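Working notes, structure below.
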Amino acid sequence: MKLRTLDDLDVSGRRVLLRADLNVPLSGRAIADDLRIRATLPTLNELLERGATQVIACSHLGRPKGAPNAELSLAPVAGRLSELLGHDVPLAPTPTGPAPEGSRVVLLENLRFDPGEEGNDPAFARKLAALADSYVDDAFGAVHRTHASVVAIAGMLPCAAGRLLEREVVVLSRLLESPDRPYVAVVGGAKVADKLSVLANLLPRVDRLLIGGGMCFTFLAAKGYGVGRSLLEKDQIDDVASLMGTAGGKLMIPTDVVVAPEPKPGVQKRIVPADEIPSDLAGYDIGKETSRAYVDAIRAAKTVFWNGPMGVFEVDDFASGTRAVAAAIARGNCYSVVGGGDSAAALQRFGYAQEIDHISTGGGASLEFLEGKTLPGLVPLQEGFDPASSR
Ligand code: ADP
Ligand code: MG
């Protein structure tokens, strides 16, 4: 895949709309991790150095569902961006402006405050396009979404991929097209419904698929085990069962799990075999035996892709599985790529982030890219794309 990049876009003397992924994890109103803000700085600075008159940055934050919501304002992000750039970054009052004057970098308010964003509404996209002369997409974490600031707008202005998006696609293309083998994928986390559906396409591409986190219980249920009060996607049990039927020896699912009444510090917890989860408890981490097996599989790998924690790693009592997997990936002799906000946060927390070859800013997007899917946000950025043909 060949994307048009900043090298192909003339920005001097132009106003540039920069779609960034500033969807940072928050704890209350504070930014818990500013990785995504820092990751977009190279593109922002390059646009300024190359003479853009104004960079109008925009992003979504959380899930406000099409209505303004003070708790999901991008104000804290504008504040952090101001600190990082060393000058004031004013925030526009709405997602469609007006763009504040007098500052070379401004930020629009949360795009998802307007229903037009998630609706991929051309009228909303036109309002965004009217603010600028060129469009740069650096939001890898959003390219799998058919949203107005990602898809509809791209045909309305001269467009290119930013440096972060460009690097993400280069790294993930290597995993998609020519991974050193064995290639092991480790998938967990809580966005179970979204992630389960990509596994069928991922499986043929990898040599091993290790399942943990909230999604493993749908696999255990598909084997006929009771999963107590664990996370479960009932309507995907049949699909998961047929996936298991075709997986050969590639698929690894937990043989033991850590169960407790709730994922709180200091609760009573114990490890049980995966087919003996008590009906009144839930699984919040993979067990020791499972951790050991997963670590062995990771040690044997030449390429590892990891998305989604193995358990509720935010609570120390349920962090062991995630910690063991993170350590094995960091110390292993493999090319390592990790995607997902929470997986990246887990690496930071355990002190392994420096040892990972590439930390992707997109969790869902990286998974969908690696299953070989055409991501809607990348289509208009490809060389030779003709906007007229897409309407
Ligand atoms: P990522 O951001 O890396 O893509 P997700 O957002 O899908 O990952 O999932 C991260 C969340 O999954 C974490 O907050 C973690 O606490 C939660 N989680 C992991 N395992 C379980 C489990 N067994 N039950 C409930 N939540 C879980
Ligand atoms: Mg997450």
Report task. Could you calculate the contour length gain from residue 250 to residue 104, that is, 0.36 nm times the residue separation minus the distance between their Cα atoms, to one decimal place in nm? Result -> 47.4 nm
Report task. Please calculate how many Å² of accessible area the chain carries per residue, with a 1.4 Å probe and no DNA, RNA or ligand atoms counted. Result -> 40 Å²
**Report entry** the range 364-374 - phi-based ³J(HN,Hα) in whole Hz, Karplus 6.51/-1.76/1.60, Gly and Pro as x
**Finding:** x, 5, 5, 4, 5, 4, 6, 7, x, 7, 7
Query raised in the report: What is the set of long-range amide H partners of residue 227 at a cut-off below 5 Å, with H atoms built 1.01 Å from backbone N?
Result: none
Query raised in the report: If one takes the longest principal axis of the Cα atoms in the chain, at what angle in degrees, from 0 to 90 and to the nearest 10, does the Cα axis of helix 237-246 lie?
Result: 80 degrees
Report task. Before anything else, pin down the relative contact order of the chain: Cα pairs under 8 Å, at least 6 apart, normalised by residue count, whole percent. Result -> 16 percent
Query raised in the report: To the nearest 0.05, how large is the calculated FRET efficiency for residue 174 and residue 29 if R₀ is 45 Å and r is the Cβ-Cβ distance?
Result: 0.70
Query - Computed lengthening from residue 242 to residue 85, 0.36 nm per intervening residue step minus Cα-Cα distance - result: 51.4 nm
Report task. Would you grab the residues whose amide H sits under 5 Å from the one on residue 360? Only those 5+ places off in sequence or on another chain, please, with H modelled 1.01 Å from N. Result -> 338, 339, 340
Query raised in the report: Counting pairs on different chains as well as pairs 8 or more places apart, how many Lys pairs in the chain have Cα atoms under 17 Å apart?
Result: 8
Query raised in the report: Among 244, 310, what's the order by accessible area (1.4 angstrom probe), most exposed first?
Result: 244, 310
**Report entry** Computed [θ] at 222 nm, deg cm²/dmol, the chain (DSSP H ≥ 4; -39,500 (n - 2.57); rounded to nearest 500)
**Finding:** -9000 deg cm²/dmol
Report task. Determine, for each peptide in 218-226, 159-167, the mean count of other beta carbons within 10 angstrom over its residues, then list the peptides with the highest first. Result -> 159-167, 218-226
Report summary line: Relative contact order of the range 181-333 (C-alpha contacts under 8 Å, at least 6 apart) in percent is 28 percent
Query raised in the report: Which whole-Hz couplings ³J(HN,Hα) result when phi for each residue of the range 12-25 is put into the Karplus expression 6.51 cos²θ - 1.76 cosθ + 1.60, θ = phi - 60°, listed in order with x for Gly and Pro?
Result: 4, x, 10, 8, 10, 8, 10, 7, 10, 9, 10, 7, 7, x
Query raised in the report: Going by the alpha-carbon gyration tensor, a ≥ b ≥ c the square roots of its eigenvalues, is the range 181-333 rounded (a/c under 1.5) or, if a/c is not under 1.5, prolate (a/b greater than b/c) versus oblate?
Result: oblate
Query raised in the report: So for the pair residue 383, residue 280, with labels modelled 7 Å out along Cα→Cβ, what separation do we get in nm?
Result: 6.5 nm
Requested in this report: For a quick protection proxy, order the peptides 57-64, 142-149 by their average other-Cβ count within 10 Å, most packed first.
Outcome: 142-149, 57-64
Report summary line: Rounded to the nearest 10 degrees, the helix 75-85 long axis (Cα) sits at an angle to the longest Cα principal axis of the chain of 70 degrees
Query raised in the report: Where Lys and Arg each count +1 and Asp and Glu each count -1, what net charge lies around residue 6 among other residues with Cβ under 13 Å from its Cβ?
Result: -3
Query raised in the report: How large, in percent, is the carbon and sulfur part of the accessible surface of the chain at a probe radius of 1.4 Å?
Result: 48 percent
Report summary line: With label points set 7 Å from each Cα along the Cα-to-Cβ direction at residue 296 and residue 146, the distance between them in nm comes to 4.5 nm
Report task. List the relative contact order of the range 157-269 as a percent without decimals, with contacts defined as Cα pairs under 8 Å and 6+ residues apart. Result -> 22 percent
Requested in this report: Kindly express, to the nearest 10 degrees and within the range 0 to 90, the angle between helix 288-299's C-alpha long axis and the longest C-alpha principal axis of the chain.
Outcome: 60 degrees
Query raised in the report: What is the extension gain from residue 12 to residue 193, computed as 0.36 nm multiplied by their sequence separation minus the C-alpha to C-alpha distance, in nm to one decimal?
Result: 60.8 nm
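The values are calculated or read from the model by the stated rules, or taken from the named source; none is laboratory data. Computed from a predicted structure; not experimentally measured. Cβ sites come from the backbone with ideal geometry, for glycine too, and all protein chains shown count toward neighbours. Remember, those area values only see protein heavy atoms, side chains included, never the ligands or the DNA or RNA. Shrake-Rupley method; radii C 1.70, N 1.55, O 1.52, S 1.80 Å.
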